[in-house]
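Just so it is clear, none of the values below were taken in a lab; they were calculated from the coordinates. Here the structure is a predicted model, which is why all the values come from computation and not from measurement. Cβ atoms come from the backbone with ideal geometry, glycine included; neighbour counts cover every protein chain shown.
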Ligand code: MN
Ligand code: MN
């Protein structure tokens, strides 16, 4: 008996145990998490594209006293600033009271999500219907986008330089859009194809109309009517699509999932489920003695390229500008900075257990996930955070009572993925991936757990304040 007891005590002392947030937290803490999730759901609905996420994030930041920053501006300790990069990526920072050379605490999430972008000459008519041609953005499973209600978001820049904002399909009274799928009655051949081939990219055409222009039955009269309506509403002509960024996303609002309302189903959890807690942490923790920065990057889903992606020199420019303004050496600032690359990970899914390695895969509702390395085929393309940095972060999170778990993306040979981590780490900044586990990542409707979201928020706060 004594031996059994001591074995139990010893295993409690020696074993690493991964437990659900529900086992570790009391009812009041769970209520707080569910409460926090309401703000997140509102953010999701307001921010389906990177442009909308920038706008909504600025709105929240301004309400907390953040002011716009322009390159060359002087900054002061205690100041709260945001830099709006072309309306598509956002840098928020608060200047701490300690020396900038102690480093910046950086949280970097992305606000773009997989979707369908309109081509530059998108509009055509065929056999009684008008359509938009699309080119998908990011990694999607194409079969998931057919036969489901879709919304259109984006901007059209006219030749005179004016910009038209488009958002159709989000209000109850709005029409929605659609991609045709094959009926099962005629699907015998198509059903034999692999999932990745059954719906090729050039079939992802958006159904946008079927009524001809009044009194005209001519060729292209439906296309004409579509353009007529667009001209009436937005004052555009067909060539204005040439300078537009229009994006098709699911016409779906964030919804609680489950009888217990413990989960949220929504479009774009990847990566707003990390962007929102990183943003709310910098808003809450602005009084930290450290200088804090929250990066909400664009273009992660296509490789972080371009002037709004994480590879843009703007990130270095901002650190240089802060350093000049505060009399610091930017190389020292970077060497002492710490970064959380805030991105999602794949939650273990018992329905697809064969692609996960259970001992090292994050579990739903077991807390925020710390991912030491990403990449594929032998860690190719990974940041692979140092044991020293993880050791420090582990202490920070545990001292703050954050429930966290280590995680890896699926089985070694099954695939893989990357994040913005390596683009920050290559500037000599300690960086590790931290984020929320997601079910059905990159699907039009992804699922996350409210308690994981809240632990992510608490992790970002602990990081800002430690
Ligand atoms: Mn992501
Ligand atoms: Mn992604």
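Each part gets one Cα centre, and for region 308-328 versus region 51-116 those centres are 12 Å apart.
Taking the longest Cα principal axis of the chain as reference, the axis of helix 2-14 is set at about 60 degrees. Among 12, 165, 300, 446, the order by Cβ neighbours within 10 angstrom, fewest to most, reads 12, 165, 446, 300.
So for the chain: antiparallel DSSP bridges make up what percent, rounded to the nearest 5? Here the antiparallel bridges make up roughly 70 percent for the chain.
Once the mean of 1/r is taken over each pair of separate Cα atoms and inverted, the chain shows a Kirkwood hydrodynamic radius of 23.7 Å.
Compute the separation of the alpha-carbon centres of region 393-466 and region 192-241 and state it in Å as a whole number. Measuring centre to centre over Cα atoms gives 41 Å.
Average projection, convex hull of the Cα set of region 410-463: 5.3 square nanometres. Highest-first packing order for the peptide set 315-321, 235-241 is 315-321, 235-241, based on the mean count of other beta carbon atoms within 10 Å.
The overall shape of region 295-379, judged from the alpha-carbon gyration tensor, is prolate: a/c is not under 1.5, and a/b is greater than b/c.
If you fit an axis through the alpha-carbon atoms of helix 450-465 and take the longest principal axis of the Cα set of the chain, what angle between them do you get, 0 to 90°, nearest 10? Helix 450-465 sits roughly 60 degrees off the main axis of the chain. Where only DSSP H runs of four or more residues are counted, the chain gives -9000 deg cm²/dmol as its mean residue ellipticity at 222 nm, each run worth -39500 (n - 2.57). If R0 is 25 Å, the Cβ-Cβ spacing of residue 164 and residue 228 corresponds to a FRET efficiency of close to 0.95. Counting other Cβ atoms within 10 Å as a rough exposure proxy, the listed residues 289, 94 run 289, 94 from fewest neighbours to most. Only Cα pairs under 8 Å and 6+ residues apart enter the sum, and on that basis the relative contact order of the chain stands at 22 percent.
Label sites at residue 377 and residue 17, each approximated as a point 7 angstrom past Cα along Cα to Cβ, lie 4.2 nm apart. Entry note, region 323-429: relative contact order of 36 percent, from Cα contacts under 8 Å with a spacing of 6+ residues.
Three semi-axes describe the equivalent ellipsoid of region 1-127; taken as square roots of 5 times the Cα gyration tensor eigenvalues and ordered largest first, they are 42, 28, 16 Å. Residue exposure proxy: 359, 272, 105, 55, ordered by other Cβ atoms within 10 angstrom of their Cβ from fewest to most, comes out as 359, 55, 105, 272. How high is the relative contact order of region 115-250? Use alpha-carbon pairs under 8 Å, at least six apart in sequence, and give a whole percent. Reported relative contact order: 38 percent. Normalised by residue number, the volume inside the convex hull of the Cα atoms of region 123-168 is 129 Å³ per residue.
Only Cα sites of region 194-301 enter the Debye sum here, all with the same form factor; the resulting log10 I(q)/I(0) across q = 0.11, 0.22 1/Å is -0.72, -1.23, listed in q order.
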